1. What does the charge count around residue 135 come to, taking other residues whose C-beta lies under 13 Å from its C-beta (Lys +1, Arg +1, Asp -1, Glu -1)?
2. Mind computing the radius of gyration and Dmax over the alpha-carbon atoms of segment 110-189? Å is fine for both.
3. Please pull out the direction-averaged projected area of segment 134-246, using the convex hull of its alpha-carbon atoms, in nm² to one decimal place.
4. Whole-Hz ³J(HN,Hα) for each residue in segment 153-165, computed from phi via Karplus 6.51 cos²θ - 1.76 cosθ + 1.60 with θ = phi - 60°, x for glycine and proline: what do you get?
Amino acid sequence: MAGFRNGRGRDNRPPQGQPQQAPYGYDAAPPPHARQQWPQQGQGRPPYGQQGAPQAGQRPYDEPEYFGDPYAQQHPHAVTANNPGHTQVFSVDDPYGPATDHHAGAAPVPTGPRLPWKALLSGIVLRPADTFLRTRDHAVWGPALIVTFLYGLLAIFGFDRAREEAINATLSTAIPYVLMTALGFVVGGLILGAVTHTLARQLGGDGSWQPTVGLSMLIMSITDAPRLVFALFLGGENGLVQVIGWLTWLAAGALFTVMVSRSHDLPWPKALGASAIQLVALLSLIKLGTL
């Protein structure tokens, strides 16, 4: 009875059909799985949604959905994707596009060498927008100082009273007087150009001060040249000279606006506002002949 109670004396073999338990410390072999029955080649599967319910006693091993479709073509990279050492790379598309901040100076930066002085002077009159854009990063001190100084030497003869004083004075007195007037135009052009540059920066511009001041001096001198030519022979108080002075002053305003707009990347209303003080000074001192 003790043998039967403890289980000894019986046939200790496991029942037929059950896997034998492995000794302690050893992994047991996996139980045999039922063989999956896949459709034979040439036999079509019923359409999705028309598969009948399994009959009694029939186990649904035809298409286990957690194993996926064995006939589906997998991407060759999908086999190793997301496995150790084969992490799949993915990206998230931004619906708003790349993050870009608009700021002053976003205009295309000109490239190329510095313009020669002939191309610079002719470009201010014939191609102002392209010339100012190409020179926005280049200083033009040489042409600006020379042209303004030469303009100042002749500007004194465009005013009736100043011309009479220069002509009636002795040579030793006239030469220093003319030179000082020319230097005064250079200094005045520097100051007015600096004011225009400062106003442009306060309005949001980001241009350099050297091109702005140099180009403003060139615009001041070049645009007043036609009035000065007629004033040398007809006098500054002549009616035709006054009309030419007003027209050239309007042309100077347009060139100042284009120059500040290209040099500081500003819309034209702000560019015109930055040039307002310089335009008023040129109108009162030079165009109206009050110097």
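1. On the way: positive: 114, 127, 134, 136, 262; negative: 130, 137.
Cβ neighbours under 13 Å give a net charge of +3.
2. Using the Cα atoms of segment 110-189, the pair Rg, Dmax is 16.6, 52 Å.
3. Values: hull surface 31.7 nm².
Mean shadow area of the hull around the Cα atoms is 7.9 nm².
4. 5, 8, 5, 5, 7, x, 10, 4, 5, 5, 5, 5, 5
A short reminder: the numbers here are calculations on the coordinates, not readings from a lab. Given the structure is predicted, the values throughout are model-derived calculations rather than measurements. Neighbour counts are summed over all protein chains in view; Cβ atoms, including those assigned to glycine, are modelled from backbone coordinates with ideal geometry.
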